[in-house]
Structures are given as C-alpha cells and as structure tokens.
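A short write-up of the structure that comes next.
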Amino acid sequence: MSTTEHHHPEVHAAPRPPATGLRRLLAPGFLRAIWMMALFFGIGLALVLGIRAIAGWHPLWHWPPVLAVAFLTTMPLGFLAGIGAFDYWTHYALGRPTRPEDHSGHGARSWRDYFRVNTDHKVIGVQYLVTTVFFFVAGGLLAMFVRAELARPGTQFFDPQTYNGLFSVHASLMIFLFIIPAFAGLANYVVPLMLGAPDMAFPRLNALSYWLLPIAGIMMLSSFLIPGGAFAAGWTGYAPLSVVGSDGNIFFQMAVQWAGASSIMTALNFLVTIITMRAPGMTFWRMPLLVWANFTTSLLVVIATPFIAASQFFALFDRVLGTDFFRPESGGYVLGYQHIFWFYSHPAVYIMMLPGFGIVSEVISVMSRKPIFGYRLMALSLMAILFLGFSVWAHHMFVSGMAPWLRVPMMITTLLIAVPTGIKVFSWLATIWEGKLNFSTPMLWALGFLSMFVIGGLSGIYLGAVPIDIHTSDTYFVVAHIHYVLFGGSLFTIFAGIYYWFPKMTGRMYDERLGKLHFWLTFVGFNATFFPMHLIGVQGMPRRVVDYAPEFANWNFFISVASFGLGASTIVFLYNMINSWARGPRATGNPWRALTLEWQVSSPPPTFNFDEIPQVVGNPYEYGVPGARHAVLGEERVEELERVR
Amino acid sequence: MSTADAHAGPPVAHQSSRVSAPVLGMFLFIGSEIMLFGAFFTVYFFARVVNNAPAWPPEGLELPVLVAGVNTAILVTSSFTMHWALQSVKRGSRAGLQAGLVLTLAMGLTFLLTQMIEYTRVGFAPRDGTFGSTFYGLTGLHGAHVFIGLTLLTFATVRAFRGHFTAEHHHGVEIPGIYWHFVDVMWIVVYASVYLL
Ligand code: HEM
Ligand SMILES: [Cu+2]
C-alpha cells in the first residue's frame, strides 16, 4: 500500500510519541478499545438488570434487552470510546482548553494511520471505500450461497430458515453497508476538494461517522452466530415477522440504527460543508454536479433516515419492552410499519442513486470532452426527484391491504417521477452526442450504467402501474427490477467512480486492460443473471422462497451458472485494485484532463488539499470551449485577483 | 494569513455563507430530530385515529394533566433562563452566564425527575396496549432529548465555571441553547397532543 506523499512535511505536528508499558492501555487505540468494551458491556448489563429489578419485571435475566442494550449499544460505544472517537469531546466536556490548531490526528503517514481515528477527509474516504468493498464481498458471497441453493428445485444445502437469513443479510449488507456508504466514501474524498475546501466542516464528526460503519456491518454478519439464526424477514424487516422471529432481528434493528446514525452525521457534514465552505467564486450554479448530487442526497438523508430509525425502534420495543405498536391483537396498527419504513425507504432508493448520477455526470462530460448538456436542468431535476420522492412510498404497498384510495394517487406520483429521471438520461445522451469519446474504464461503466438503468427504470414504470404490480408483486420481476437499478445502476456508478478517482486517491494508475476485462465480464454476467428473472417473474416465480416449481428449473440453473461468473469477475477487480495500488505506474495530477478542482492538485493531494484556497472563475464543464477555465490556483490566482481588483 | 505561516496548517477555508458552520449544523440536526418525532407522532396517529381506538385513554386510566402542566411551565421557564445566560455572555457578564446555566440545568433536572415519578404512578406500563405504548414512546423519546440537552448544558456549565466563553466566542453556549429551545417547543407539542387532546 502506498503512503501519502508528503507535500509539506513541516505541516504536521510531530506525531504522538508511541506510548509504552501500561500507558498503552490508556492511549487511544485497539488495546484501550478492548477493556473499554468490557467495561461498557458491564455498564449496559447493570443498566438492564437494574431497571428490570426496580420495575419488578420477571425474569430478571431476559436475553432480548441484554442483547439490545449491553451487546449492541453500550459495547460498541465502549469500542468507539476506546479507539478515541470521543477524546476531543471528553476533553471539551471536562472544561480543558481546546487546541484547534492540533492536527496530530490528521492525514496518513503510513498504512497504520488508516486504522485509527483520523480526521482527514481523504483518509476517511479511503477507509469508507475499503470497508464497504469488504462488505460488498461478504454480501456477494452470501448471494453465491443463495444462487447455489436455487440452482435446482427442492432444498439442497440450506433449510428454509437459513436460506431466509442468507438473502436477508445479503440485501441488508449491500444496501446499508455497501451502496449507501460507498457513495458517502467517494463523496468524502472528492467533495471538499471539488469545493476548494481544506477539509469537511466537522472533521471529528466525520471520523466518528466512519467508525460506526464497521460496527453496523459486524452486527449484521454476527447475527448468524446466535441461536435461532440470522434475521430472516428480508432487508425490509416487516412487522410482525420481525417482531416474532428469531432474536437475530435485534441485530438487524440495531445495525440499522448504527448505519443510519452514520449516514445522518455524514449528511449533516456534507450540507454544512457545501453551504459554508465553497471557495470564492464557487456559486451554487458553478458547483460540479457531483456536489449537487450529494447536496440533494444529504437533504434526503437528513429528512428521511429518522423514519427508518423510528420504524426499527418500534419493532424492537415490541419485542424487548412488549409494546403494542404493531401488534394487531392489542390495538396496534400493523401496516404502520410498512408506511413508516417506506416513507424512508423509497427516498432511500434515491439516496442509493443520486450520488451515482453525480459520478456519471462527471465521467461522461470529461470523457466526451463536451460541456454537460443542460447543466441547470440537471441540478433542478435532482431537486425535483427529492421532492417527488417523498410522495410515492405506498407504491411498495399496493398489495398490502392498505386503504384502496391511496393507490391511484401513488401510481400517478410514481409515474411522474420518471420525468425528472428521464430528463437526466436525455441530458447524458445529448452530452455524449457528437462528443470525442474516450472509452476508458470509467466511461465504460458510465455507459453501462446508462443502458442498464434505463431497463431498470422501465420495469419500474411497469411496477408503478397498479394492475401490473398486483400481478408481479413479490415475484422475480421485482428482483430483476431492483438489480437493474441497484446493480446495473448504483453499483456500476460506484465502479465508475472508483476507477475514475483511483489515480487521485492512490497516486497510481490502475491497469486499463484489467479494468476493461472487469467491465465486460460484469456486464455480460449481470445481464445473463438478471435478465431472465424478468421472464420467470412474469410467469409467477415468487421471490424470497427457498424452493420453486420444477417448470422454472432450466432458467434457474442458467441463472446460477451465470451468477457464479458474475461473482468471479469481482476477483479481477480486487486483483487490479490491490496490485495497482501497490505497484501501478505513477499517476499525474490530472490524467483525465478534467477541469474540476480535485484534479488541479497533486495525486494524492497534499494533506490540506490546497496551499491557498483557489479562486473559481467559471463553470466546471467547459470542455472544448477555447480559453475556458473553472478555477485558478497559485501564481495565476494572484494575477487573477489583481486583474479583478 | 501571511504566506510564511500558511505552511503551519491548513489554509483558512473561505466562509461562503453568513451562518456559521456549527449553528447551521445544529439547525439541520434539529430538522432531522423533528422528523424523528414526526415518526413517533405518526405511529400515535395510526394507533388512535386510523385504528379508531374505542376510548382514549382507555376506561379506568387517567393522565395527571395538572402535574404535567406545572412541569410544562417549569420547562418553558428554563428556556427563558437559557436565553438570559446567552444574553449575559454576549454582554460579557460571567455571573449572569453561570447563574443562567445553573438555573436552566436545575429546572431541566426537575422536569426529568417529575417525569420519572410520574412514570411510577400513572398506573400503566408500555406493554399495556397502544395507549401505553404511544404514551411512553412519545414522552420517553422526549425525555431522552431532555437528557441529551442536559448533558450538553452540563458541558457548557463546566466550561463557564472554568473560565471559557467570552462576549465574542460563545458557540459553546449558543448551540446547546438552540437545542434546549427545540426540546422545550417539542414538549409543548407532545404535551398538547398526549395530555390535552
Ligand atoms: C422510474 C423509476 C422507478 C420506478 C417507477 C420504480 C417503481 C418501483 C415499484 C412500484 C416497486 C415495488 C414493486 C413491488 O414490490 O411490487 C419498486 C421496487 C423497488 N425499487 Fe423501484 N422504481 C424506480 C426506480 C428505482 C431506483 C432508482 C431504485 C434504486 C436505486 C429502485 C429500487 C427499488 C427496490 C430496492 C425495490 C424493492 C423493494 C423491496 O425489497 O420490496 N427503484 N420500484
Ligand atoms: Cu419505491
């Protein structure tokens, strides 16, 4: 692994001297985390037993609250305290003087610095990406198990309960631990650079929001270990199944809280950074579309995520405290879960897509050497999706038995939302039109996204129409739809982003041949796996069931074989990334000849991004426009300032 | 910043908005909190209105409207003392700051204790039907927020007594203050819908 280049070695405060002996137990780090986890676990346990004793609830020892509080709340808090995520605030709370000029926790001098609480947005971005790719691989392996089971009708390897756990954990990891945070990771790295800011607005909050992720991911995976098995109610965790099912559901409900808290903190951080830290001259209408995309996404996160947090709290309380929120037998409103869940989770599909729109806009404009077509409309359509996204949630509930009058309004808003999405698709096409295309790996992913996402959008329109949805609800048609939008859509854009910014992040170039091989293997494998699902879905093969009717055997065998090929393509990706990071050829500061600010500094950028804050003078996408400039730095900046004066 | 010491740390970020970052951050966080309360109100609405609950509160249960009303008055007053603390530090009066914070803390604690005593005496538990669930849900969520607010105020108080904060630099008072006002306003909404409606 490469170490970050020293731009100005004198910038750093001297690194903390390594602690020795007993002091190592007190210095922030994994050692301190171990005993603090034990300590906090004890506190949690005492809390549960104490409250149960005072309230007179029997039996005193009851697994669900012990799991929820001691294992899944206070112990992780102990971990965070141990690694030092709260050190600054403890310091503050005790009334000690603060030292804002202390940058000892900032930047990476060796690979070890990636394994501690680090306040540099670039380090955090890489931490995010490596962690999320880890969970992507874990979630992918679970999918391989699912496909192995489905290769033939009947039950082969897993009993139904285990099978349900497999696809539930698969989907939850992919959504909460991969797609959403991988976008946050890319944006963490890129957004401050694009804005001409030295870091995010709240670097310590940023560090904390990263460290919540491994906690959430390990929580989901470890639910396999408890008696009763993993949570098995799907990534949607519908009540009452998630209330009466195995205690593994507690792991899901708590992991969602941790991942959700992480998302909200990051989103606040992005919003504040984008609003208050733009370089001079960087008006909203000069921001790159990636910044716009993360701005709207962050608004969605801040507004919607509390709803999923609440839905999981209610389901958790129903189990742990015996409340009746979703228990129909004692007056609870069971459909309430779905309403509250989808009020978050439909906007969440845009949380999983809008940042990708931003990435694709960057890549397509740069690789076509043309200004983005309809820049303002691109930004405005993001905002339109933001607002419309809150008015469509019940299209996931057409067959749930909800109030029938809700159906048609929800159908209309659902179909309306295709309009701003369509605007974006046509803008990208118009940008490519007559461009000077550079078919590099990121561009291939972007074009792959464009074509696959349109297919996913079209099946979305089918599903949005009530009569068709009633026929295809809970069939493989829905599975095909979500994979065309999330895999062919979101995941393809994440790959586009990773390849596009790889030289910036590592200072090295990836292997273009392997990159292209990865793309084509994935593209073919993806279509071979998921396209047939449309067909068997329309014919009525139900989703989320371990067994199926023999008439679907041939297609399923084909799909399983294709999916193993698809899974194997990831090996090419991992090999390319690791190998190129270690010994790829050195990358220049601006290998794509892009105009946006992150490419105007060295690769990787200096610790504080810029020596002086750049001056923004024009639009970010004026490719092929003679003499056009987005920003001026260094000497030029001084001249420009004088000229303006 | 002169070029000589530009190398001693990050370049000073350009401030592109009139609001300061921590204040904006707190407002956005409050937006998120309002949504969280919104979800709790939604489930309350489902249980009471959508499900057509026959009697609310169910036969034989009664909420201590008056005691909670007095408690509401205490919490609302604490918003004024909080405001006074902030105005004092802006005028440079440390004594006013300290007194304001201590009074606010005391009233907040009183509120929380009263609430806990109320829990032991209302005569129903979270597991007693949707009425119990939503009552404890909303008041408990709010109580947790009072607790967070008090924690933040404790930080501010400790620092106020240790000589921090000046007429120019007092974000550490202002921001917990904003949060505290939010907690108070939210209580009025919770009180009105749970106890009065
Ligand atoms: C034109 C745009 C879209 C429309 C009209 C649309 C419509 C729908 C509808 C009606 C359903 C419900 C199907 C059912 O359960 O019977 C659905 C499911 C789903 N959609 Fe979309 N969608 C669109 C775009 C997207 C995007 C962009 C994403 C994510 C990036 C997405 C992710 C999902 C997911 C994850 C589900 C499955 C939820 C579950 O597990 O039940 N959709 N879509
Ligand atoms: Cu939806």
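So the values come out like this:
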read-out	value
Computed FRET value (nearest 0.05) for A:Ser451 with B:Ala73, which takes r as the C-beta separation and R₀ as 56 Å	0.30
Selection of trypsin sites (Lys or Arg not before Pro), the range A:383-479, meeting DSSP coil and at most 10 other Cβ within 10 Å	A:Lys436
Shape of the range A:605-644, Cα gyration tensor, a/c cut at 1.5	oblate
Protection proxy ranking, peptides A:104-114, B:79-89, average beta carbon neighbours within 10 Å, highest first	B:79-89, A:104-114
Residues B:Ile34 and B:Glu118, FRET efficiency given R0 of 25 Å [Cβ-Cβ distance, rounded to 0.05]	0.55
Cβ neighbours within 10 Å from other chains - mean over A:598-609	1
For the protein assembly as shown: rounded, prolate or oblate by the Cα gyration tensor [a/c cutoff 1.5]	oblate
A:Met282 long-range amide H proximity, modeled H, under 5 Å	A:Val616
Average partner coverage of B:42-55, which counts Cβ from other chains inside 10 Å	4
Sequence-distant residues sharing a close amide H with A:Thr475 (under 5 Å, placed H)	A:Arg543
A:Leu225 versus A:Phe134: modelled label distance in nm, points set 7 Å from Cα along the beta carbon direction	1.4 nm
Low-density loop positions, GluC sites (Glu not before Pro), the range B:68-174 - DSSP coil, at most 16 other Cβ in 10 Å	B:Glu168
Qualifying aspartates and glutamates (Cα of each under 20 Å from Cα of A:Lys424; at least 8 residues distant if same chain)	A:Glu362, A:Glu434, A:Glu622
Mean accessible surface per residue for the range A:141-249, computed with a 1.4 Å probe while every protein chain stays in place, in Å²	28 Å²
Packing rank of A:306-316, A:184-194, where each peptide gets the mean count of other beta carbons within 10 Å, highest leading	A:184-194, A:306-316
Size of electric dipole in the protein assembly as shown: Cβ of Lys, Arg +1 and of Asp, Glu -1, about Cα centre, debye, nearest 20	960 debye
Projected label distance in nm at A:Ser330 and B:His171, using a 7 Å step from Cα toward the beta-carbon	4.7 nm
Accessible area (Å², per residue) of the range A:539-602, counting only protein heavy atoms and a probe of 1.4 Å	50 Å²
Pair B:Asn52, A:Glu635: separation of 7 Å Cα→Cβ label points (nm)	8.2 nm
Dipole in debye (nearest 20) - the range B:48-197, about Cα centre, beta carbon charges: Lys, Arg +1; Asp, Glu -1	480 debye
Alpha-carbon centroid distance for the pair the range A:152-221 / the range B:112-154, whole angstrom	33 Å
Set of lysines with alpha-carbon distance to A:Lys504 below 17 Å, sequence-local pairs under 8 removed	A:Lys122
Cα gyration tensor shape of the range B:18-196, rounded if a/c is under 1.5, else prolate or oblate by comparing a/b with b/c	prolate
Share of carbon and sulfur in the accessible heavy-atom surface of the range B:1-104 [1.4 Å probe, %]	67 percent
Degrees between helix B:171-191 axis and first principal axis of chain B (Cα, 0 to 90, nearest 10)	10 degrees
Shielding score for B:126-136, defined as the mean number of other chain Cβ atoms within 10 Å	6
Computed FRET value (nearest 0.05) for B:Ser20 with A:Ile412, which takes r as the C-beta separation and R₀ as 45 Å	0.60
Using θ = phi - 60° and Karplus 6.51 cos²θ - 1.76 cosθ + 1.60, couplings along the range B:49-57 (whole Hz; Gly, Pro as x)	8, 4, 7, 6, 3, x, 9, 9, x
For the protein assembly as shown, with +1 on Lys and Arg beta carbons and -1 on Asp and Glu, the positive-most of B:Val65, A:Ala528, A:His481 along the dipole	A:Ala528
Dipole moment magnitude, nearest 20 debye, the range A:605-644 about Cα centre, only Lys, Arg, Asp, Glu C-beta charged	180 debye
Highest-fluctuation residue, B:Arg48, B:Arg94, B:Arg127 considered, GNM on chain B with Cα pairs under 10 Å	B:Arg127
Length-normalised contact order for chain B - Cα pairs under 8 Å, 6+ apart - percent	27 percent
³J(HN,Hα), Karplus 6.51/-1.76/1.60, whole Hz, each residue of the range A:584-597, x for Gly, Pro	x, x, 4, 9, 7, x, 9, x, 9, 6, 9, 9, 5, 5
Relative packing of B:13-23, A:317-327, which averages over residues the other C-beta atoms within 10 Å, highest first	A:317-327, B:13-23
Potential extension, A:Leu141-A:Lys436 segment - 0.36 nm per residue separation minus Cα distance	102.3 nm
Label zone at A:Gln161, where the point sits 7 Å out along the Cα-to-Cβ direction: the range A:309-327 residues whose backbone N lies under 13 Å	none
Within chain B, helix-based [θ] at 222 nm, where runs of 4 or more DSSP H residues each add -39,500 (n - 2.57), nearest 500	-24500 deg cm²/dmol
Extension gain from A:Ile578 to A:Ala93, taking 0.36 nm per residue of separation minus the Cα-Cα distance	170.4 nm
Karplus (6.51, -1.76, 1.60) ³J(HN,Hα), θ = phi - 60°, over the range B:16-28, in Hz, Gly and Pro reported as x	9, 8, 6, 6, 7, 4, x, 5, 4, x, 5, 5, 5
Amide H contacts under 5 Å for A:Arg508, placed H, 5+ residues apart	A:Ala587
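The values are calculated or read from the model by the stated rules, or taken from the named source; none is laboratory data. Remember, predicted model here, so these are calculated numbers, not experimental data. No Cβ is skipped: glycine too gets one built from the backbone with ideal geometry, and neighbour counts run over all protein chains shown. We work out accessible area using only protein heavy atoms, side chains counted, and drop any ligands, DNA or RNA first. Shrake-Rupley method; radii C 1.70, N 1.55, O 1.52, S 1.80 Å.
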